[in-house]
Every structure is written in structure tokens, then in C-alpha cells.
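Below you'll find the structure, written out as C-alpha cells, and then a few comments.
The values are calculated or read from the model by the stated rules, or taken from the named source; none is laboratory data. Note that the structure is predicted; figures quoted are calculated from it, not measured. Here Cβ is always computed from backbone atoms with ideal geometry, including for glycine, and neighbour counts include all displayed protein chains.
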Amino acid sequence: MIRLQNVTKVYPAGARPALDDVTFAVEKGEFVFLIGQSGSGKTTVLRLLLREEVSDVGLVAVNGRSLNKMPRRKVPELRRKIGCVFQDFRLLPKKTVYENVAFALEVINKSPKAIKRTVPEVLDLVGLNGKAQRMPNELSGGEQQRVAIARAFVNRPLVLLADEPTGNLDPDTSQGIMSLLERINRTGTTVVMATHDNNIVDAMRRRVIELEFGKIIRDQSRGVYGVGR
Amino acid sequence: MRANFVVSGVFAGIRRNATMTIALVLSTAIALGFVGAAILANTEITKFRQKYEDKINVSVYLCAQLHTADPNCTEKTTPEQTAAIKQMLDSDPLVQSERYVSEQEAFQRGKEQLAGSTGNFLHLGDLPASFTVKLKDLQKDYAAFAAKYAKVTGIGRVNNQIDTINTLLNIIDSARWFSIIIAIVVLVASVLLIANTIQVAASQRKNETSIMRLVGASRWMTELPFMLEAVIAAAIGGLVAIGLIWAGKHYVLDNIFEGPTRHGVIPNLSINDVLVAGGSGLIVGIVLSGITAFLTLRFYVRL
Ligand SMILES: Nc1ncnc2c1ncn2[C@@H]1O[C@H](COP(=O)(O)OP(=O)(O)O)[C@@H](O)[C@H]1O
Ligand SMILES: [Mg+2]
């Protein structure tokens, strides 16, 4: 589903590479943690997968398609197959919960009928059915992240990328978000989650890829956060 | 494309940027008003030329019965003199064609022009017969022609209308250039204003557009609302401009040139001409704003 082959990425302003000869592959339906200290290159991996950045060296492929030579006009098509959530939720403050989720479908020309059908379904899945008409500022952080996950998942992506989704949340709320991501993973969606929350990683016992200064220093199935240190 | 989704986005955007949109509408209205004025001046010049094309010719007046102060006319031109003059015109290399206007015809025309009771004081024979002469090159040869024929016995005076017409044409032509220059200046201002408005709108809606990109909205989908906003503002400006042109014609032109147009000296501009000029301005506005928006989005904003 995802493949990085000897990928090196240097930002124009950066002195050392953000990613340095990184190679790994993720199969369809896997759940993978990307861990490492701040600045180790986790976000850069996700940006490459979204083709917000292009690697300088090496190959990046998603769903069998190389992103290196993908023309700009094909990028929207790629992104429709990838859902994405962030630490800061990125909801539109002037839209309701329902509208925030529907927005993701409207802008890719889904029919109003399909939108009416799928949005309540996904709100149900994330446990926000009763709060469809709330504004984002009327929700807790955990609920806002659920809206963001609903928006990322509503178009049934093949891959869900999560960049420190629990970074702003307390441990209990984080736990809820993790079980939601697990549930999404069980539907067959590949999940890649960047985090430095050791409790979560330890509790989940999933594959762990650890980065340090842009290099992979560990790739372990059923890993925990602290091993090797 | 889901039309109502896009449209509601556009109107939300216009409302959010109301003051800038109003500025944009006004400046395009003024710019397109002058575009229309320039087109209208052009129409007028064309009409003018058409109207006077066959009239820009020389009248060679013979002598009438009536004694005038004209020293060339001591007595009425005889038919022999008339024939000799015709002969002379026929063989003159400067002349393209000529036509004899009899006293009877001059009388008829005079009566028509002096409509009403004044016409009753005009009698057959008051106005001289004449030759209406078309020169091959009026501008170049008129002076020589006039000098040559003024001395011929039986000819009262030689006359042409070109000076009056040229003066009028020059006035209209200056008005046209004035309109073109102002139109260009204000169009440049409008274009800059459109580019600026789009940049502001794009940064205001950065959240929205970055999410659109993230979930895989096409480039068109992201850019279209901004383009439509610019085009709609320009179109409203174009409609206002049509109103301005009409008002300008109705209240200014029609008042200043009321006399001449009524007498048919200046060809009248119809409401149709106003609509054509204003409509062309509207199209210019729509095309220009669309292109400006497109280029701004491609090269300065990069959503
Ligand atoms: N846009 C950028 N321009 C320059 N350097 C960047 C940029 N984004 C990230 N970096 C650098 O790349 C390295 C990896 O960053 P990042 O992938 O964001 O790490 P992480 O997400 O693990 O904290 C860091 O050294 C960071 O300073
Ligand atoms: Mg990061």
C-alpha cells in the first residue's frame, strides 16, 4: 500500500536531510506507528505520502503508484484515497460538525444525495451523532478530533495518516481516539500514525518504525516505545 | 460541478469582502464606462463619415436673379455660361463627377430646410442654381479648384463643407482618445484591484482552501469561487457602466448637441448604439477580470 525506497529529503533551508535513506513498506490493512523525537522526520514522511513534498532521492509509492513523477493534476485523485488528521484538528470554525464533514465531500463533487447518506453514517461511527449541529468551539478537544477523523474517513480512504492526533489531548481522551482509529483500521483501512506518546504505543502493541535524525533506527512488529534505549 | 455549493461559496465570499467588492464594482464601472464611451465615439465617427461621405463635396454656385453683394454676380448666369462651365468641369482632371442642381431644385431644398412659415418668403429664383462637384481628392485639390473657378464668369462662389465637418470630427476624435486613455488608466487600476482583492480573499480563506486541497479537491474547484467573485463583480460593474453610458448620452450629449442632432447635422446615437458599446464594455470586463483572476491564482496565490 505504501512504499518508501531509499528516500532522502532535504528542505531548501535545512542543513541536514529531514529524511536520510529511508526504506520501509506498509501492507494494506496494517497499523503502523511512526515514532521519534521532535524533528526526527515523522511529519516529513506523511507529507511525502500526501505529495505535499517530493523526495530528492529514492522512490515513494502509494497504492502502487509512484508519487515522484506524478503530475500536479493527478494529485487530487491521490489525496481522495488518503485521509488525514492532525494535532490541531483543522476544522472550519464557522461550519457545524455536519458541515465540516460534508465539506470534504462537496469539494470533490459528491452528489447531495450521497452526502446526506454518508455524513450521518460516519458521525455515527465516530460517536458524534447527537452533536451534528454543534459548532467546533462548542466541542471538547477529543470531540473535535473525532470530527476531524470523520472528515478524513467519510470518503472511505485506503490510507489514514494521523500526525500526532493525540498531541493536544489528555490520556483518557487519547484512549478514545485510539480505539476509534483501531476501529477504522479494522474496516481494512491502512493507518499510519506519527506520535511520541509512549503510553499509547506501548498499549497498542502494533508495528513501530522509529526515526532518529531522519534515519530509521528500528522497524519492529508488535513494538513498544522504549525498546533499545 | 455542484453549482449551488460553488455559488453559495461565492456569495459568502462577496459578503465577507463587501467593501473591497464595492470598490471593485465601482472602479470597473468607471473603467468600462470609458471603454463604452470610446466605442460610442467610434460609432459616432463612423456614422458621421458615412453620413457626410457623399456630402463632402464642393458646391459651385452660379448667379441668381436676386442681386447679391457678390461682386462676381452682376447679372444672372446665362444658359450658355452654364453649358461652358459644365464643359469645363467635365474636362477638369481634378473632378471626379458633377451634377447640376437647378434653381427649381435649390428652391425645393431651401423650402424643406426652412420648414414652417419662413419657407413662404422664399421664391423660385432666390437661390442660385449650382453644380455639386465631387473632387478626386478634396483635401488636396480644393484650394486650387476654388481659386480656378471663382474667377470664371457666371460663377458666384465656390463653397465646401469640409471645414465644419472636420472641426466636428476632431472634437469627437479627441473625445474618443480622451475616453481611451482614461479607460486604459482605470482598467489598469481595476486589474490591480482585482489581483489584490483575490490575494486578500485567498489569505482570508487559507483554512478552507488548504482543507480542500487536502481532501483532494481539484484545482478548478479551489480556484473557481475566487474567479467567479472577480467576474461577478466586474459584470455588475459592466451593468452599472451601461447605465452610466446611457445617462451620459441622455443628459450630457443629447443636451449639448440637441440642436445639431435634431437638424440632422450630427447623426443621432440610438439606444442600440449605447447597448452595443456598453455590452462590449461588459464583455471586456468579464474577460479581463477572468484572465486577471486566473493569472493571479496561478502565479501569485498558489492555493
Ligand atoms: N518546511 C521546512 N523547511 C525546512 N526545514 C524543515 C521544514 N519542515 C521540517 N523541517 C526540518 O526537517 C526535520 C524533520 O522535521 P519533521 O518531519 O517535521 O519532524 P517531526 O515531525 O518528527 O517533528 C527537522 O529538522 C525540521 O526542522
Ligand atoms: Mg511533526
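May I ask you to list the residues in the range B:1-46 that are within 14 Å of another protein chain (Cβ to nearest Cβ) and of a type in the set (Phe, Trp, Tyr)?
B:Phe5
Taking only the range B:77-103 into account, find how many residues are touching a strand residue (DSSP E or B) at 6+ places or on another chain (Cβ under 8 Å) and under 13 Å from B:Ser130 (Cα atoms).
10
Residue-wise test of (1) under 30 Å from B:Ala12 (Cβ atoms); (2) over 17 Å from the mean Cα position of the chain (by Cα); (3) more than 14 Å from every other protein chain (Cβ to nearest Cβ).
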| residue | (1), (2), (3) |
| --- | --- |
| B:Ser203 | yes, yes, yes |
| B:Leu214 | yes, yes, no |
| B:Pro225 | yes, yes, no |
| B:Val276 | no, no, yes |
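Can you tell me which residue is surrounded by the fewest Cβ atoms within 10 Å (Cβ to Cβ) among those in the range A:30-47 that are of a type in the set (Val, Ile, Thr) and either away from ligand 2 (no atom under 13 Å from the Cβ) or closer than 26 Å to A:Arg183 by Cβ (or both)?
Per the stated criteria, the residue is A:Thr43.
Out of the helices (runs of 4 or more DSSP H) lying entirely within the range B:68-160, which hold 2 or more residues that are over 39 Å from the mean Cα position of the chain (by Cα) and of a type outside the set (Gly, Ala, Ser)?
In the range B:68-160, B:79-90 are the helices (runs of 4 or more DSSP H) which contain 2 or more residues that are over 39 Å from the mean Cα position of the chain (by Cα) and of a type outside the set (Gly, Ala, Ser).
Check B:Thr153, B:Thr132 and return the single one that is in contact with a Lys or Arg (Cβ under 8 Å, 6 or more places away or on another chain) and of a type outside the set (A, V, I, L, M, F, W, C).
B:Thr132
Here are A:Phe86, A:Phe31: which of them is of a type in the set (Phe, Trp, Tyr) and within 14 Å of another protein chain (Cβ to nearest Cβ)?
Within the list A:Phe86, A:Phe31, the selection yields A:Phe86.
Tell me which residues, restricted to the range A:48-89, are surrounded by fewer than 17 Cβ atoms within 10 Å (Cβ to Cβ), outside any strand (DSSP E or B) and within 16 Å of ligand 1 (Cβ to nearest atom).
A:Glu52, A:Val54, A:Asp56, A:Asp88, listed by residue number.
Would you mind stating whether A:Asn63 is among the polar types (S, T, N, Q), under 26 Å from A:Gly214 (Cβ atoms) and without any contact (Cβ under 8 Å) to a residue 40 or more places away in the chain?
For A:Asn63, the condition - among the polar types (S, T, N, Q), under 26 Å from A:Gly214 (Cβ atoms) and without any contact (Cβ under 8 Å) to a residue 40 or more places away in the chain - is not met.
Here is a list: A:Val7, A:Val26. Which entry is at pLDDT 95 or above and in contact with a helix residue (DSSP H, G or I) (Cβ under 9 Å, 6 or more places away or on another chain)?
A:Val7
Give me the pairs, please: first residue somewhere in the range A:39-58 and more than 13 Å from A:Asp163 (Cβ to Cβ), second residue anywhere and within 13 Å of ligand 2 (Cβ to nearest atom) and among the hydroxyl-bearing types (Ser, Thr, Tyr), beta-carbon distance under 8 Å, and either six or more positions apart or on two chains.
Taking only residues 6 or more apart or on different chains, the pairs are A:Glu53/A:Thr44.
State whether one or more residues within the range B:257-274 are in contact with a strand residue (DSSP E or B) (Cβ under 7 Å, 6 or more places away or on another chain) and either part of a helix (DSSP H, G or I) or closer than 26 Å to B:Ala175 by Cβ (or both).
no
Could you list, in sequence order, all residues of the range A:16-27 that are acidic (Asp, Glu) and either surrounded by 13 or more Cβ atoms within 10 Å (Cβ to Cβ) or within 8 Å of ligand 1 (Cβ to nearest atom) (or both)?
A:Asp20, A:Asp21
Within the range A:45-81, which residues are within 25 Å of A:Gly188 (Cα to Cα), out of contact with any helix residue (DSSP H, G or I) (no Cβ under 7 Å at 6 or more places or on another chain) and of a type in the set (Val, Ile, Thr)?
Answer for the range A:45-81, where residues must be within 25 Å of A:Gly188 (Cα to Cα), out of contact with any helix residue (DSSP H, G or I) (no Cβ under 7 Å at 6 or more places or on another chain) and of a type in the set (Val, Ile, Thr): A:Val45, A:Val75.
With the condition kept exactly as written, say whether any residue in the range A:2-15 is assigned to a loop (DSSP other than H, G, I, E, B), more than 14 Å from chain B (Cβ to nearest Cβ), under 17 Å from A:Ile217 (Cβ atoms) and within 11 Å of ligand 1 (Cβ to nearest atom).
Taking every residue of the range A:2-15 in turn, none turns out to be assigned to a loop (DSSP other than H, G, I, E, B), more than 14 Å from chain B (Cβ to nearest Cβ), under 17 Å from A:Ile217 (Cβ atoms) and within 11 Å of ligand 1 (Cβ to nearest atom).
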